[in-house]
Amino acid sequence: MNLPVEAVLRPRDLGEALSMLAEDPSAVPVAGGTDLVVQLRARRRHAPVLVDIGALGLDRIAVEGNALVIGAAATMDSIARSAAVREHAPALATAAGQVGAWPIQCRATLGGNLANASPAADTAPPLLTAGATVTAAFPSGQRRIPVLDLFEGPGTTRLAPGELITSVSIPLDPVPAGARRVDRFVKLGPRREQIISVVSLAVRAALLADGTLADVRIAVGAAAPTPVRAPAAESVLEGRPPGGAARREAARALQEDIAPIDDIRAPARYRRLAAAVLLDRLLGEISHG
Amino acid sequence: MDERIVVRLVLNGEERSFRVAPGRRLLDLLREDAGLTGTKEGCGAGECGACTVLLDGRPVPSCLVLAASCDGAAVVTVEGLGGPAGSHPFQRALVASGGVQCGFCTPGLVMTGAAVLEAGVTAPADQARLLSGNLCRCTGYVKVFEALRRAGEDGDG
Ligand SMILES: Cc1cc2nc3c(=O)[nH]c(=O)nc-3n(C[C@H](O)[C@H](O)[C@H](O)COP(=O)(O)OP(=O)(O)OC[C@H]3O[C@@H](n4cnc5c(N)ncnc54)[C@H](O)[C@@H]3O)c2cc1C
Ligand code: FES
Ligand code: FES
(Lines give C-alpha, C1' and ligand atoms only; values in the text may rest on other atoms or scores of the structure.)
(Ligands and ions follow the chains in the order given, each with its own letter.)
Protein backbone atom coordinates (compact mmCIF):
# COMPACT_ATOMS: atom_id res chain seq x y z
CA MET A 1 0.00 0.00 0.00
CA ASN A 2 1.16 3.52 -0.71
CA LEU A 3 -0.06 6.51 1.24
CA PRO A 4 -1.75 9.28 -0.77
CA VAL A 5 1.40 11.38 -0.98
CA GLU A 6 2.88 12.94 -4.12
CA ALA A 7 6.24 14.06 -2.77
CA VAL A 8 8.41 13.70 0.31
CA LEU A 9 11.05 16.42 0.56
CA ARG A 10 14.11 15.69 2.66
CA PRO A 11 15.85 18.91 3.71
CA ARG A 12 19.23 18.65 5.41
CA ASP A 13 19.07 21.74 7.58
CA LEU A 14 16.50 23.95 9.23
CA GLY A 15 16.84 26.81 6.72
CA GLU A 16 16.19 24.49 3.80
CA ALA A 17 13.18 22.99 5.58
CA LEU A 18 11.68 26.39 6.30
CA SER A 19 12.06 27.57 2.72
CA MET A 20 10.52 24.35 1.40
CA LEU A 21 7.54 24.89 3.70
CA ALA A 22 7.30 28.55 2.71
CA GLU A 23 7.49 27.85 -1.03
CA ASP A 24 4.64 25.36 -1.08
CA PRO A 25 1.64 26.29 1.07
CA SER A 26 0.33 22.71 0.78
CA ALA A 27 3.53 21.25 2.29
CA VAL A 28 3.22 19.70 5.76
CA PRO A 29 6.05 18.71 8.09
CA VAL A 30 6.39 15.08 9.11
CA ALA A 31 8.46 13.90 12.07
CA GLY A 32 7.79 10.40 13.45
CA GLY A 33 4.62 10.07 11.40
CA THR A 34 2.76 8.28 14.19
CA ASP A 35 -0.13 10.71 13.97
CA LEU A 36 0.20 11.88 10.39
CA VAL A 37 0.52 8.46 8.71
CA VAL A 38 -2.53 7.20 10.60
CA GLN A 39 -4.48 10.26 9.43
CA LEU A 40 -3.28 9.97 5.82
CA ARG A 41 -4.09 6.28 5.66
CA ALA A 42 -7.61 6.86 6.98
CA ARG A 43 -8.00 9.75 4.50
CA ARG A 44 -8.73 12.01 7.43
CA ARG A 45 -6.05 14.40 6.29
CA HIS A 46 -5.00 15.63 2.86
CA ALA A 47 -1.27 16.35 2.73
CA PRO A 48 0.16 15.61 -0.73
CA VAL A 49 3.57 17.17 -0.03
CA LEU A 50 5.51 16.18 3.09
CA VAL A 51 8.67 17.77 4.43
CA ASP A 52 10.59 15.24 6.52
CA ILE A 53 12.20 17.03 9.46
CA GLY A 54 14.09 13.98 10.75
CA ALA A 55 17.52 15.00 9.50
CA LEU A 56 17.66 18.56 10.84
CA GLY A 57 19.48 17.72 14.07
CA LEU A 58 16.49 18.81 16.18
CA ASP A 59 16.75 15.90 18.59
CA ARG A 60 19.12 17.30 21.22
CA ILE A 61 18.23 17.30 24.93
CA ALA A 62 20.42 19.55 27.08
CA VAL A 63 20.48 22.00 29.95
CA GLU A 64 21.25 25.42 28.47
CA GLY A 65 21.61 28.25 30.97
CA ASN A 66 18.50 28.29 33.11
CA ALA A 67 16.45 25.95 30.99
CA LEU A 68 16.13 22.34 30.00
CA VAL A 69 15.89 22.44 26.20
CA ILE A 70 14.41 19.51 24.32
CA GLY A 71 14.61 19.42 20.53
CA ALA A 72 11.28 19.07 18.73
CA ALA A 73 12.42 15.86 17.03
CA ALA A 74 13.52 14.18 20.28
CA THR A 75 11.60 10.93 20.60
CA MET A 76 9.48 9.93 23.56
CA ASP A 77 11.94 7.09 24.14
CA SER A 78 14.92 9.44 24.38
CA ILE A 79 12.96 11.85 26.61
CA ALA A 80 11.84 9.08 28.95
CA ARG A 81 15.42 7.81 29.29
CA SER A 82 17.15 11.21 29.52
CA ALA A 83 18.86 11.78 32.88
CA ALA A 84 18.37 15.56 32.50
CA VAL A 85 14.62 15.19 31.89
CA ARG A 86 14.24 12.74 34.76
CA GLU A 87 16.02 15.17 37.06
CA HIS A 88 14.37 18.45 36.07
CA ALA A 89 11.01 17.37 34.64
CA PRO A 90 10.23 13.89 35.99
CA ALA A 91 6.53 14.22 35.15
CA LEU A 92 7.44 14.73 31.48
CA ALA A 93 9.70 11.66 31.56
CA THR A 94 6.81 9.66 33.00
CA ALA A 95 4.37 10.95 30.37
CA ALA A 96 6.77 10.28 27.49
CA GLY A 97 7.24 6.73 28.76
CA GLN A 98 3.48 6.20 28.56
CA VAL A 99 2.85 7.43 25.01
CA GLY A 100 1.62 4.37 23.15
CA ALA A 101 3.96 1.43 23.60
CA TRP A 102 7.72 1.24 23.17
CA PRO A 103 7.92 1.05 19.34
CA ILE A 104 5.64 4.10 19.14
CA GLN A 105 7.86 5.88 21.66
CA CYS A 106 10.89 5.17 19.49
CA ARG A 107 9.27 7.14 16.62
CA ALA A 108 6.89 9.64 18.25
CA THR A 109 8.43 13.08 18.77
CA LEU A 110 7.72 15.87 21.23
CA GLY A 111 7.10 18.43 18.47
CA GLY A 112 4.64 16.09 16.77
CA ASN A 113 2.76 15.45 19.99
CA LEU A 114 2.32 19.21 20.53
CA ALA A 115 1.64 20.21 16.92
CA ASN A 116 -0.96 17.47 16.53
CA ALA A 117 -2.79 19.28 19.35
CA SER A 118 -4.88 16.41 20.64
CA PRO A 119 -6.62 17.39 23.89
CA ALA A 120 -5.23 14.06 25.13
CA ALA A 121 -1.58 14.72 24.15
CA ASP A 122 0.24 13.22 27.10
CA THR A 123 3.22 15.56 27.11
CA ALA A 124 0.99 18.64 27.38
CA PRO A 125 -0.03 18.50 31.08
CA PRO A 126 3.53 18.16 32.42
CA LEU A 127 4.73 20.91 30.08
CA LEU A 128 1.90 23.21 31.21
CA THR A 129 2.74 22.68 34.88
CA ALA A 130 6.44 23.25 34.16
CA GLY A 131 5.69 26.59 32.46
CA ALA A 132 7.32 25.40 29.23
CA THR A 133 7.58 27.45 26.05
CA VAL A 134 8.06 26.25 22.49
CA THR A 135 10.43 27.93 20.07
CA ALA A 136 8.92 28.15 16.61
CA ALA A 137 10.91 29.05 13.52
CA PHE A 138 9.83 30.62 10.23
CA PRO A 139 11.95 31.82 7.30
CA SER A 140 12.60 35.30 8.69
CA GLY A 141 13.12 34.45 12.36
CA GLN A 142 11.79 32.69 15.38
CA ARG A 143 9.47 33.29 18.32
CA ARG A 144 8.65 31.76 21.67
CA ILE A 145 5.14 30.63 22.51
CA PRO A 146 4.10 29.44 25.98
CA VAL A 147 2.75 25.89 25.61
CA LEU A 148 -0.42 27.21 27.25
CA ASP A 149 -0.99 29.53 24.27
CA LEU A 150 0.01 27.02 21.61
CA PHE A 151 -3.26 25.08 21.56
CA GLU A 152 -6.28 26.66 19.92
CA GLY A 153 -8.75 23.77 19.94
CA PRO A 154 -8.87 20.05 19.23
CA GLY A 155 -6.31 19.46 16.48
CA THR A 156 -5.46 23.12 15.93
CA THR A 157 -2.56 25.25 17.13
CA ARG A 158 -1.61 28.90 16.82
CA LEU A 159 1.37 28.02 14.63
CA ALA A 160 1.27 29.82 11.30
CA PRO A 161 1.37 27.64 8.16
CA GLY A 162 4.97 26.68 7.50
CA GLU A 163 6.07 27.49 11.03
CA LEU A 164 8.15 24.73 12.67
CA ILE A 165 8.55 23.97 16.34
CA THR A 166 12.30 23.61 16.85
CA SER A 167 12.49 23.05 20.59
CA VAL A 168 10.69 23.15 23.92
CA SER A 169 12.24 24.96 26.91
CA ILE A 170 11.48 24.18 30.52
CA PRO A 171 12.66 26.82 33.02
CA LEU A 172 14.78 25.43 35.85
CA ASP A 173 13.01 27.29 38.64
CA PRO A 174 14.70 26.38 41.94
CA VAL A 175 12.62 25.49 45.00
CA PRO A 176 13.11 27.39 48.30
CA ALA A 177 15.74 26.09 50.73
CA GLY A 178 14.57 23.02 52.60
CA ALA A 179 11.76 22.40 50.12
CA ARG A 180 11.39 19.50 47.74
CA ARG A 181 10.06 19.68 44.20
CA VAL A 182 7.18 17.37 43.42
CA ASP A 183 6.43 16.80 39.75
CA ARG A 184 4.10 13.99 38.80
CA PHE A 185 1.96 12.76 35.94
CA VAL A 186 -0.77 10.15 35.84
CA LYS A 187 -3.07 9.00 33.04
CA LEU A 188 -6.14 6.86 32.95
CA GLY A 189 -7.36 4.58 30.22
CA PRO A 190 -8.82 1.14 29.70
CA ARG A 191 -5.36 -0.45 29.67
CA ARG A 192 -2.01 0.72 31.03
CA GLU A 193 -0.12 0.77 27.73
CA GLN A 194 -0.87 1.68 24.14
CA ILE A 195 -3.93 3.74 24.98
CA ILE A 196 -5.00 7.31 24.43
CA SER A 197 -5.74 8.97 27.77
CA VAL A 198 -9.36 9.17 28.91
CA VAL A 199 -8.07 11.77 31.36
CA SER A 200 -4.53 12.72 32.33
CA LEU A 201 -3.27 14.98 35.06
CA ALA A 202 -0.01 16.58 36.14
CA VAL A 203 0.91 18.25 39.43
CA ARG A 204 4.05 20.33 40.00
CA ALA A 205 4.72 22.16 43.26
CA ALA A 206 7.27 22.83 45.97
CA LEU A 207 6.69 20.81 49.11
CA LEU A 208 7.99 23.05 51.90
CA ALA A 209 9.77 21.88 55.03
CA ASP A 210 6.59 22.57 57.07
CA GLY A 211 4.65 20.13 54.89
CA THR A 212 2.66 22.72 52.93
CA LEU A 213 2.60 23.21 49.17
CA ALA A 214 3.79 26.33 47.36
CA ASP A 215 3.68 27.38 43.71
CA VAL A 216 1.09 24.69 42.99
CA ARG A 217 0.43 23.96 39.34
CA ILE A 218 -2.08 21.46 38.06
CA ALA A 219 -2.90 20.63 34.44
CA VAL A 220 -5.45 18.27 32.98
CA GLY A 221 -5.55 16.54 29.59
CA ALA A 222 -8.57 15.21 27.66
CA ALA A 223 -10.98 17.13 29.88
CA ALA A 224 -11.52 20.26 27.75
CA PRO A 225 -11.05 21.24 24.07
CA THR A 226 -7.34 21.75 24.84
CA PRO A 227 -5.10 20.64 27.70
CA VAL A 228 -5.77 23.16 30.52
CA ARG A 229 -4.35 24.51 33.77
CA ALA A 230 -6.59 24.15 36.82
CA PRO A 231 -6.51 27.48 38.69
CA ALA A 232 -9.39 26.71 41.06
CA ALA A 233 -7.82 23.49 42.31
CA GLU A 234 -4.40 25.15 42.44
CA SER A 235 -5.59 27.97 44.69
CA VAL A 236 -7.29 25.55 47.07
CA LEU A 237 -3.97 23.77 47.60
CA GLU A 238 -1.65 26.77 47.75
CA GLY A 239 -0.12 27.11 51.21
CA ARG A 240 -1.79 23.97 52.55
CA PRO A 241 -0.63 20.39 53.10
CA PRO A 242 -1.50 17.99 50.25
CA GLY A 243 -3.46 15.60 52.49
CA GLY A 244 -6.61 16.02 54.58
CA ALA A 245 -9.28 18.61 53.86
CA ALA A 246 -7.36 20.40 51.10
CA ARG A 247 -7.09 17.14 49.19
CA ARG A 248 -10.86 16.67 49.16
CA GLU A 249 -11.61 20.34 48.43
CA ALA A 250 -9.14 20.42 45.54
CA ALA A 251 -10.75 17.45 43.84
CA ARG A 252 -14.09 19.27 44.09
CA ALA A 253 -12.67 22.61 42.88
CA LEU A 254 -11.14 20.84 39.88
CA GLN A 255 -14.65 20.43 38.48
CA GLU A 256 -14.74 24.20 37.80
CA ASP A 257 -11.50 23.97 35.84
CA ILE A 258 -12.54 21.36 33.32
CA ALA A 259 -15.15 21.08 30.57
CA PRO A 260 -15.08 17.48 29.36
CA ILE A 261 -17.15 16.10 26.52
CA ASP A 262 -18.78 12.78 25.72
CA ASP A 263 -16.87 10.89 23.07
CA ILE A 264 -15.97 7.41 21.90
CA ARG A 265 -13.61 6.87 24.85
CA ALA A 266 -15.78 8.03 27.76
CA PRO A 267 -18.80 10.13 28.74
CA ALA A 268 -18.18 13.57 30.25
CA ARG A 269 -19.52 12.49 33.62
CA TYR A 270 -16.96 9.71 33.84
CA ARG A 271 -14.17 12.10 32.89
CA ARG A 272 -15.20 14.47 35.72
CA LEU A 273 -15.12 11.66 38.26
CA ALA A 274 -11.88 10.28 36.87
CA ALA A 275 -10.12 13.67 36.96
CA ALA A 276 -11.07 14.03 40.63
CA VAL A 277 -9.79 10.53 41.37
CA LEU A 278 -6.49 11.17 39.57
CA LEU A 279 -5.90 14.40 41.50
CA ASP A 280 -6.81 12.67 44.75
CA ARG A 281 -4.42 9.85 43.93
CA LEU A 282 -1.49 12.15 43.15
CA LEU A 283 -2.07 14.27 46.26
CA GLY A 284 -2.18 11.08 48.30
CA GLU A 285 1.15 9.98 46.83
CA ILE A 286 2.66 13.40 47.50
CA SER A 287 1.50 13.52 51.11
CA HIS A 288 2.84 10.05 51.77
CA GLY A 289 6.23 11.02 50.31
CA MET B 1 3.70 13.48 -10.25
CA ASP B 2 4.70 10.60 -8.03
CA GLU B 3 8.37 11.30 -8.57
CA ARG B 4 10.13 8.12 -7.39
CA ILE B 5 12.46 8.44 -4.44
CA VAL B 6 15.76 6.68 -3.87
CA VAL B 7 16.09 5.01 -0.48
CA ARG B 8 19.43 3.50 0.48
CA LEU B 9 19.40 1.11 3.40
CA VAL B 10 21.73 -1.20 5.20
CA LEU B 11 19.13 -3.95 5.22
CA ASN B 12 19.98 -6.94 7.39
CA GLY B 13 23.62 -5.98 7.08
CA GLU B 14 23.63 -5.59 3.32
CA GLU B 15 23.71 -2.29 1.40
CA ARG B 16 20.62 -2.00 -0.74
CA SER B 17 19.04 0.74 -2.81
CA PHE B 18 15.35 1.04 -3.67
CA ARG B 19 13.34 3.37 -5.92
CA VAL B 20 9.95 3.81 -4.34
CA ALA B 21 6.82 5.93 -4.60
CA PRO B 22 6.85 8.86 -2.16
CA GLY B 23 3.96 7.37 -0.21
CA ARG B 24 5.63 3.97 0.20
CA ARG B 25 5.59 2.68 3.76
CA LEU B 26 8.72 0.97 5.10
CA LEU B 27 6.53 -2.11 5.66
CA ASP B 28 5.74 -2.37 1.93
CA LEU B 29 9.30 -1.69 0.88
CA LEU B 30 10.35 -4.62 3.04
CA ARG B 31 7.61 -7.04 2.06
CA GLU B 32 7.08 -6.18 -1.59
CA ASP B 33 10.22 -4.49 -2.87
CA ALA B 34 12.77 -6.48 -0.83
CA GLY B 35 10.72 -9.68 -0.70
CA LEU B 36 11.16 -9.97 3.07
CA THR B 37 7.71 -11.22 3.97
CA GLY B 38 8.63 -12.22 7.52
CA THR B 39 7.46 -8.81 8.72
CA LYS B 40 3.66 -8.88 9.00
CA GLU B 41 0.93 -6.29 8.65
CA GLY B 42 -1.74 -6.60 11.32
CA CYS B 43 -3.58 -3.37 12.03
CA GLY B 44 -1.65 -1.01 9.75
CA ALA B 45 -2.18 1.68 12.37
CA GLY B 46 0.59 1.32 14.92
CA GLU B 47 -1.45 -0.59 17.44
CA CYS B 48 -0.53 -4.28 17.18
CA GLY B 49 3.25 -4.47 16.77
CA ALA B 50 3.18 -7.23 14.11
CA CYS B 51 5.18 -5.00 11.73
CA THR B 52 7.92 -4.09 14.21
CA VAL B 53 11.45 -3.88 12.77
CA LEU B 54 14.66 -2.35 14.08
CA LEU B 55 15.42 1.06 12.58
CA ASP B 56 18.91 2.19 13.57
CA GLY B 57 18.65 -0.25 16.45
CA ARG B 58 15.29 0.90 17.83
CA PRO B 59 12.05 -1.08 17.45
CA VAL B 60 9.52 0.83 15.32
CA PRO B 61 6.15 0.05 13.73
CA SER B 62 7.11 -0.15 10.04
CA CYS B 63 3.48 0.47 9.02
CA LEU B 64 3.81 4.07 10.26
CA VAL B 65 7.25 4.79 8.86
CA LEU B 66 7.64 6.39 5.44
CA ALA B 67 10.26 4.56 3.41
CA ALA B 68 11.48 7.96 2.23
CA SER B 69 12.35 8.86 5.82
CA CYS B 70 14.74 5.91 6.10
CA ASP B 71 17.38 6.90 3.55
CA GLY B 72 20.77 6.06 5.04
CA ALA B 73 19.34 4.02 7.91
CA ALA B 74 20.09 0.50 9.11
CA VAL B 75 17.08 -1.80 9.15
CA VAL B 76 16.92 -5.25 10.66
CA THR B 77 13.97 -7.56 10.06
CA VAL B 78 13.25 -11.01 11.46
CA GLU B 79 15.16 -12.48 8.50
CA GLY B 80 18.34 -10.73 9.59
CA LEU B 81 18.06 -11.00 13.35
CA GLY B 82 19.96 -14.18 14.08
CA GLY B 83 23.06 -13.66 12.02
CA PRO B 84 25.31 -16.45 10.79
CA ALA B 85 25.00 -18.36 14.09
CA GLY B 86 21.37 -19.15 13.26
CA SER B 87 18.43 -17.90 15.26
CA HIS B 88 18.55 -15.27 18.01
CA PRO B 89 18.54 -16.48 21.65
CA PHE B 90 15.03 -15.05 22.14
CA GLN B 91 13.79 -16.95 19.08
CA ARG B 92 15.25 -20.19 20.43
CA ALA B 93 13.79 -19.52 23.88
CA LEU B 94 10.36 -18.82 22.35
CA VAL B 95 10.43 -22.18 20.61
CA ALA B 96 11.67 -23.96 23.74
CA SER B 97 9.07 -22.30 25.98
CA GLY B 98 6.13 -22.84 23.64
CA GLY B 99 5.76 -19.08 23.16
CA VAL B 100 4.76 -19.44 19.50
CA GLN B 101 1.33 -20.60 18.40
CA CYS B 102 -0.12 -19.28 15.14
CA GLY B 103 3.06 -17.23 14.73
CA PHE B 104 1.55 -14.10 13.22
CA CYS B 105 2.76 -11.85 16.02
CA THR B 106 6.12 -13.58 16.33
CA PRO B 107 8.27 -11.71 13.78
CA GLY B 108 7.37 -8.36 15.37
CA LEU B 109 7.58 -9.73 18.88
CA VAL B 110 11.09 -11.08 18.44
CA MET B 111 12.30 -7.71 17.16
CA THR B 112 11.01 -5.86 20.23
CA GLY B 113 12.24 -8.65 22.50
CA ALA B 114 15.70 -8.57 20.95
CA ALA B 115 15.78 -4.80 21.50
CA VAL B 116 14.74 -5.27 25.13
CA LEU B 117 17.67 -7.65 25.66
CA GLU B 118 20.02 -5.36 23.75
CA ALA B 119 18.99 -2.51 26.07
CA GLY B 120 19.96 -4.69 29.04
CA VAL B 121 16.50 -4.60 30.62
CA THR B 122 16.19 -7.62 32.91
CA ALA B 123 13.41 -6.81 35.42
CA PRO B 124 10.41 -8.92 34.36
CA ALA B 125 7.92 -6.06 34.92
CA ASP B 126 9.99 -3.73 32.72
CA GLN B 127 10.39 -6.41 30.05
CA ALA B 128 6.62 -6.91 30.01
CA ARG B 129 5.97 -3.16 29.79
CA LEU B 130 8.33 -2.78 26.82
CA LEU B 131 6.64 -5.71 25.05
CA SER B 132 3.13 -4.37 25.69
CA GLY B 133 2.76 -2.99 22.16
CA ASN B 134 3.19 -6.44 20.61
CA LEU B 135 -0.25 -7.99 20.78
CA CYS B 136 -0.66 -11.75 20.67
CA ARG B 137 -4.06 -13.36 20.57
CA CYS B 138 -2.84 -16.92 21.05
CA THR B 139 -0.29 -17.39 23.79
CA GLY B 140 -1.63 -15.35 26.70
CA TYR B 141 1.90 -13.88 27.02
CA VAL B 142 3.04 -16.01 29.98
CA LYS B 143 5.30 -18.18 27.86
CA VAL B 144 6.48 -15.18 25.86
CA PHE B 145 7.61 -13.40 29.02
CA GLU B 146 9.18 -16.59 30.28
CA ALA B 147 11.12 -16.95 27.03
CA LEU B 148 12.41 -13.39 27.22
CA ARG B 149 13.52 -13.87 30.81
CA ARG B 150 15.28 -17.11 29.87
CA ALA B 151 16.98 -15.59 26.85
CA GLY B 152 18.22 -12.75 29.06
CA GLU B 153 19.59 -15.13 31.66
CA ASP B 154 21.19 -17.54 29.24
CA GLY B 155 22.85 -14.80 27.26
CA ASP B 156 23.86 -16.67 24.21
CA GLY B 157 22.47 -20.04 25.25
C1 LIG C 1 -0.90 3.24 18.49
C2 LIG C 1 -0.69 4.66 18.89
C3 LIG C 1 -0.73 5.00 20.23
C4 LIG C 1 -0.58 6.33 20.62
N5 LIG C 1 -0.61 6.62 21.96
C6 LIG C 1 -0.48 7.90 22.36
C7 LIG C 1 -0.52 8.22 23.75
O8 LIG C 1 -0.66 7.34 24.61
N9 LIG C 1 -0.39 9.52 24.11
C10 LIG C 1 -0.22 10.51 23.20
O11 LIG C 1 -0.10 11.67 23.59
N12 LIG C 1 -0.16 10.24 21.87
C13 LIG C 1 -0.30 8.97 21.44
N14 LIG C 1 -0.26 8.67 20.08
C15 LIG C 1 -0.14 9.77 19.12
C16 LIG C 1 1.27 10.07 18.60
O17 LIG C 1 2.12 8.95 18.72
C18 LIG C 1 1.92 11.26 19.32
O19 LIG C 1 1.08 12.38 19.25
C20 LIG C 1 3.30 11.59 18.73
O21 LIG C 1 4.04 12.31 19.69
C22 LIG C 1 3.26 12.38 17.44
O23 LIG C 1 4.60 12.66 17.05
P24 LIG C 1 5.16 12.32 15.58
O25 LIG C 1 6.56 12.74 15.56
O26 LIG C 1 4.88 10.93 15.24
O27 LIG C 1 4.23 13.30 14.74
P28 LIG C 1 3.86 13.30 13.18
O29 LIG C 1 2.82 12.27 12.94
O30 LIG C 1 5.08 13.29 12.35
O31 LIG C 1 3.20 14.74 13.09
C32 LIG C 1 2.02 15.06 13.81
C33 LIG C 1 1.58 16.48 13.42
O34 LIG C 1 2.52 17.43 13.91
C35 LIG C 1 3.09 18.17 12.83
N36 LIG C 1 4.49 18.35 13.22
C37 LIG C 1 5.37 17.35 13.55
N38 LIG C 1 6.53 17.91 13.99
C39 LIG C 1 6.36 19.25 13.93
C40 LIG C 1 7.20 20.36 14.25
N41 LIG C 1 8.45 20.19 14.74
N42 LIG C 1 6.72 21.60 14.06
C43 LIG C 1 5.47 21.79 13.59
N44 LIG C 1 4.64 20.79 13.27
C45 LIG C 1 5.08 19.54 13.44
C46 LIG C 1 2.85 17.37 11.59
O47 LIG C 1 2.74 18.19 10.46
C48 LIG C 1 1.52 16.70 11.92
O49 LIG C 1 0.46 17.58 11.68
C50 LIG C 1 -0.40 7.34 19.66
C51 LIG C 1 -0.35 7.00 18.31
C52 LIG C 1 -0.50 5.67 17.91
C53 LIG C 1 -0.44 5.33 16.47
S1 FES D 1 0.64 -3.47 11.47
FE2 FES D 1 1.98 -1.99 12.24
S3 FES D 1 1.45 -1.91 14.32
FE4 FES D 1 -0.07 -3.21 13.51
S1 FES E 1 1.09 -16.65 18.37
FE2 FES E 1 -0.77 -16.17 17.40
S3 FES E 1 -0.88 -14.02 17.63
FE4 FES E 1 0.78 -14.54 18.84
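General observations
- Inter-site label distance for A:SER140 and A:LEU273 at 7 Å from Cα along Cβ, in nm: 5.5 nm
- Unit charges on C-beta of K, R, D, E only; dipole of chain A, Debye: 800 debye
- Degrees, to the nearest 10: B:106-118 long Cα axis against longest axis of chain B: 70 degrees
- The stretch A:61-171, dipole about Cα centre (Lys/Arg Cβ +1, Asp/Glu Cβ -1), debye to the nearest 20: 80 debye
- Judged by the ratio a/c of the largest to the smallest principal axis of the C-alpha gyration tensor, the stretch A:122-213 counts as oblate, that ratio being 1.5 or greater while a/b is no larger than b/c.
- Ligands, DNA and RNA left out, the 1.4 Å accessible surface of the protein assembly as shown is 52% carbon and sulfur atoms.
- Accessible surface buried upon B-A contact (total; probe 1.4 Å; Å², nearest 100): 2700 Å²
- For chain B: rounded, prolate or oblate by the Cα gyration tensor [a/c cutoff 1.5]: prolate
- Linear extension gain, A:THR156 paired with A:GLU6, 0.36 nm per residue minus alpha-carbon span: 51.6 nm
- If R0 is 25 Å, the Cβ-Cβ spacing of A:ASP210 and A:ASN66 corresponds to a FRET efficiency of close to 0.40.
- Computed from label points 7 Å out along Cα-Cβ, the spacing between A:ASN116 and A:ILE264 is 1.3 nm.
- Gap separating the Cα centres of the stretch A:25-40 and the stretch A:205-225, nearest whole Å: 34 Å
- Diffusion constant of chain A at 10 °C, which comes from Stokes-Einstein with the Kirkwood Cα-pair radius and 1.306 mPa s, µm²/s: 82 µm²/s
- Solvent-accessible area per residue, Å², over the stretch A:7-52 with all protein chains present [probe radius 1.4 Å]: 48 Å²
- Degrees, to the nearest 10: B:142-154 long Cα axis against longest axis of chain B: 90 degrees
- For the stretch B:89-154, alpha-carbon Rg relative to the globular expectation (2.2 N^0.38 Å, N residues): 0.94
- Convex hull of Cα atoms in the stretch A:149-289, direction-averaged projection (nm²): 9.8 nm²
- Trypsin sites (Lys or Arg not before Pro) lying in DSSP loop within the stretch A:137-224, provided at most 13 other Cβ fall within 10 Å: A:ARG158, A:ARG191, A:ARG192
- Cβ neighbours within 10 Å from other chains - mean over B:49-55: 2
- The stretch A:70-93 versus the stretch B:111-157: alpha-carbon centroid distance in Å: 24 Å
- Label-to-label distance, nm, for residues given as A:LEU172 and B:ALA128 (7 Å Cα→Cβ offset): 3.8 nm
- Average accessible surface for the stretch B:5-80: 34 Å² per residue, computed with a 1.4 Å probe over protein heavy atoms with every protein chain in place.
- Helix A:268-287 axis versus longest C-alpha principal axis of chain A: approximately 60°, rounded to the nearest ten.
- The spacing between the stretch B:63-105 and the stretch B:1-59, judged by their C-alpha centroids, is 13 Å.
- Delta accessible area of at least 30 Å² on complex formation, residues of the stretch A:64-102, 1.4 Å probe, chain isolated as reference: A:TRP102
- Seen from every direction in turn and averaged, the convex hull around the alpha carbons of the stretch A:230-289 projects onto 4.0 nm².
The values are calculated or read from the model by the stated rules, or taken from the named source; none is laboratory data. On a predicted model such as this, the values are computed, not experimentally measured, just so you know. Cβ sites come from the backbone with ideal geometry, for glycine too, and all protein chains shown count toward neighbours. Please note that ligands, DNA and RNA were not included when accessible areas were found on the heavy atoms of the full protein model with its side chains. Shrake-Rupley method; radii C 1.70, N 1.55, O 1.52, S 1.80 Å.
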